[in-house]
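The values are calculated or read from the model by the stated rules, or taken from the named source; none is laboratory data. Quantities reported herein were computed from a predicted structural model and do not represent experimental measurements. Every residue, glycine among them, receives a Cβ derived from its backbone with ideal geometry; neighbour counts consider all protein chains shown. These accessible areas exclude ligands, DNA and RNA; they are computed on the full protein's heavy atoms, side chains included. Shrake-Rupley method; radii C 1.70, N 1.55, O 1.52, S 1.80 Å.
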Number of protein chains: 2
Amino acid sequence: MTKAIHDHEEGRAQPGRVTITALSAALGLSKSTVSRALNGYPDISERTRLRVRRGAETMGYRPLSHAQAIRTGRVRALGLVVQIGDHDAQRPFLADFLAGISVAASAEGWTLTVATADSEADAVRTMEQLVEDRKADGFILPRTLSHDARVALLRARGVPFVMFGRTADPEGCAWFDILGEAAMRDAVLHLASLGHRRIAFVNGGTAYNYSRLRLQGYRDGLDAAGLPEDPELIRGGALNTDDGARETRALLALPQPPTAVVFAVDHAALGLYRACAERGLQVGRDVSVISYDGVPDGAHVQPPLSSFTVDTRAAGHRLAELLIDRIRGAAPETLRETARAAFADRGSAGPPRLSSEALSKRLATETT
Amino acid sequence: MTKAIHDHEEGRAQPGRVTITALSAALGLSKSTVSRALNGYPDISERTRLRVRRGAETMGYRPLSHAQAIRTGRVRALGLVVQIGDHDAQRPFLADFLAGISVAASAEGWTLTVATADSEADAVRTMEQLVEDRKADGFILPRTLSHDARVALLRARGVPFVMFGRTADPEGCAWFDILGEAAMRDAVLHLASLGHRRIAFVNGGTAYNYSRLRLQGYRDGLDAAGLPEDPELIRGGALNTDDGARETRALLALPQPPTAVVFAVDHAALGLYRACAERGLQVGRDVSVISYDGVPDGAHVQPPLSSFTVDTRAAGHRLAELLIDRIRGAAPETLRETARAAFADRGSAGPPRLSSEALSKRLATETT
DNA sequence: CTCGTTTCCGAAACCGGTTTCGGCAATTGG
DNA sequence: CCAATTGCCGAAACCGGTTTCGGAAACGAG
């Protein structure tokens, strides 16, 4: 008897499983009828369709997705390639994001295949592999770039995908996104209504599409508040706490420092706390700040960081639903949704205690 | 012509793919010979085996795992069910953990199926589903409990698994773990060598198996340092910053407060910073602290938190390798490994500036 | 040189589904 | 009342692999 080198002790054909053959035999129908009945073919009478459905229900029949896949090419799996080392801010969200996707997927009987990559090129390669090996029927793309190589690949291959975020060229793209621009605009308006007149903006990474949008939102906010735009008050490239502290120091060193700062990224905003502590400034009194993301860390500083919080879990949930629709054939144009971030006012933004001039003077005298 | 209700516009049989039939035809061999050659059956001559391997290589043949699965029952996928909402500390690690698993898995041509659950019971149900639907051939179990329902299920079903952590009953279990007890012991010895004599311990969640071990490590450390054990100095259940602050306050309120604290969890240790700030104590001078995990946040406090850092990515990597070996049939007893956490001395532990008595006095006078 | 073993490979069945095709019975139309 | 549809289902092929089984050729022993 021939035998494989690796011996697999566990029995192959698992005992309990009810196959389509068993089901059809029990119903006195042919395999093909059962299959077509279950898959909604029109050439099956309503009566038999119902009988089959009921039978499948009671016998607990569940088709093996990989057995179906061999003919249909679909494995009922969503793909997600997360880029790591990329941007620390992403990490705390990942668990919630996965939870949202996973729940929505399993509600439809789908699963989630996850891979990681350490660069955009690597991500593209990884997705190609997954498609090639049919490990995923479509992809959720987190952190969309303005010009995204992943989108180019998937478009070329005709692989379904949805983006978390929008992109420059929307052709053939489906997406779910949070309106960061609206949040930034509201942040500026909120600060202006408190009496601030010099409101700075510290943006995130420039390659991301959201940066462009959030900057625009900040500008719209200034415009709506009737405030002038001062290029000195606009900075960018701040993704983590160190970056945020650096940019804050630069802003405080201006002849006319801002009395309030809007950050595009919470983790960067936490850097403002550090920079303010260095100069003996009190956040929320001497300098106000409003940010975006809603990271848990923001609740643990004093005063807690006021931030537009993103419901990452809900986003993952919706993205999974959209992707499944997309894979089932819905047109991408019909699968575009946005939602707003919820403002959590926790006390880091208050009316200005000092004017810009007074603030500048105080900083000058305190200089070591 | 009959047609499905959901019309799937994309072509089924994808063009480029080379099947085993095509390969065998090109080689002038039968499908079965090619299959057996590739799978290492002994009844294939070395010459043909080589020829087939080479042919597969040049033609770029890659078997579809789900086509194989229909006969073998193996889909070449690892399963991971992460419990969320469970323990905040887990979140920052998740990305690295996934990266480690993903890299090791794909190196062997495997993929990773991820699902989430919000309770242990839910995790068990989810894993049953995945096994039932053959979406995973085995599982990596993070955060092992002393008595774990997941282990019970998988053992009963004969599904391969490896644990990140050890468990009370090792029967049939494979694992990779970091020696938290050794770290706790070293922490105590380090503090003792600096001159501390009242060293407290704040443990994490009691249900986790690691808590038991770390407490034991702390005790061993006291023993090795020749210090007496004081039940008042042992506290537990601290998983996040709030918990840690609470426990620190309780310790500082003791008649003889500790001059150093060992934490089992970094996020809890960060709470000590808060509690110390409230009382005007300087961390690393008035009160020393050493912790465990190596979370990035620990580097951003003043002074940075000295901590035994865990290489989560490496752990994920090794766990994936072990699981694949396990699925291929290796005995669980041969798949048990441990590693040590690396001590990152960042300045939060120094020689005691005040004795316990002096500290107590100072705290008493400062009381509002 | 003959006969029993090995060695090595092909034919065919199989895994659990899907899809094509054809045919019977019941309708419909003229 | 007969012919042409239509509705509904079964038989069989198929998807891309794995595994069983049997037999031809090469080998070794007597």
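Annotations
- Residues within the range A:266-286 that are in a loop (DSSP other than H, G, I, E, B) and touching a Leu at 6+ places or on another chain (Cβ under 7 Å), tallied: 2
- Which listed residue, of A:I70, A:I20, is under 30 Å from B:T19 (Cα atoms), within 8 Å of another protein chain (Cβ to nearest Cβ) and within 7 Å of DNA strand C (Cβ to nearest atom): A:I70
- Residue match in the range A:111-132 (condition: in a loop (DSSP other than H, G, I, E, B), within 26 Å of A:R212 (Cβ to Cβ) and more than 9 Å from chain B (Cβ to nearest Cβ)): yes
- Just so you know, in the range A:43-60 the residues that are within 12 Å of chain B (Cβ to nearest Cβ) and either of a type in the set (S, T, Y) or open to solvent by less than 60 Å² (accessible area, probe 1.4 Å) (or both) include one that is nearest to B:P63 (Cα to Cα), and it is A:G60.
- Residues (open to solvent by 60 Å² or more (accessible area, probe 1.4 Å) and either not assigned by TED's automatic domain parsing to the domain that holds A:E108 or not in a loop (DSSP other than H, G, I, E, B) (or both)) located in the range A:326-336: A:E333, A:T334, A:R336
- Residue check: B:G316 meets all listed conditions (1) within 26 Å of B:A260 (Cβ to Cβ); (2) within 14 Å of another protein chain (Cβ to nearest Cβ) but one, namely (1).
- Consider the range A:157-183 and keep the residues that are part of a strand (DSSP E or B) and open to solvent by less than 40 Å² (accessible area, probe 1.4 Å). The one that is farthest from A:S307 (Cα to Cα) is A:F161.
- Check on A:V103, among the β-branched types (V, I, T), within 14 Å of chain B (Cβ to nearest Cβ) and outside any helix (DSSP H, G or I): no
- If you filter the range A:293-309 down to residues that are in contact (Cβ under 8 Å) with a residue 60 or more places away in the chain and part of a strand (DSSP E or B), you find that the one that is surrounded by the fewest Cβ atoms within 10 Å (Cβ to Cβ) is A:F308.
- One residue from A:S355, A:S288 being open to solvent by less than 10 Å² (accessible area, probe 1.4 Å) and either of a type outside the set (F, W, Y) or more than 25 Å from A:G204 (Cα to Cα) (or both): A:S288
- In the range A:23-42, residue farthest from DNA strand D (Cβ to nearest atom) [restricted to those that are open to solvent by 60 Å² or more (accessible area, probe 1.4 Å) and more than 11 Å from every other protein chain (Cβ to nearest Cβ)]: A:A26
- Selection status of A:R150, open to solvent by 30 Å² or more (accessible area, probe 1.4 Å) and either under 22 Å from B:K135 (Cβ atoms) or assigned by TED's automatic domain parsing to the domain that holds A:I327 (or both): no
Here's the yes/no breakdown for (1) within 29 Å of B:N240 (Cβ to Cβ); (2) modelled with pLDDT of 95 or more; (3) within 12 Å of another protein chain (Cβ to nearest Cβ):
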| site | (1), (2), (3) |
| --- | --- |
| B:G280 | yes, no, no |
| B:V287 | yes, yes, no |
| B:D293 | yes, no, no |
| B:Q302 | yes, no, yes |
| B:L323 | no, yes, no |
| B:I327 | no, yes, yes |
| B:T334 | no, yes, no |
| B:T338 | yes, yes, no |
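- Counting the residues of the range B:127-144 that are open to solvent by 30 Å² or more (accessible area, probe 1.4 Å) and over 13 Å from A:P63 (Cα atoms) gives 2.
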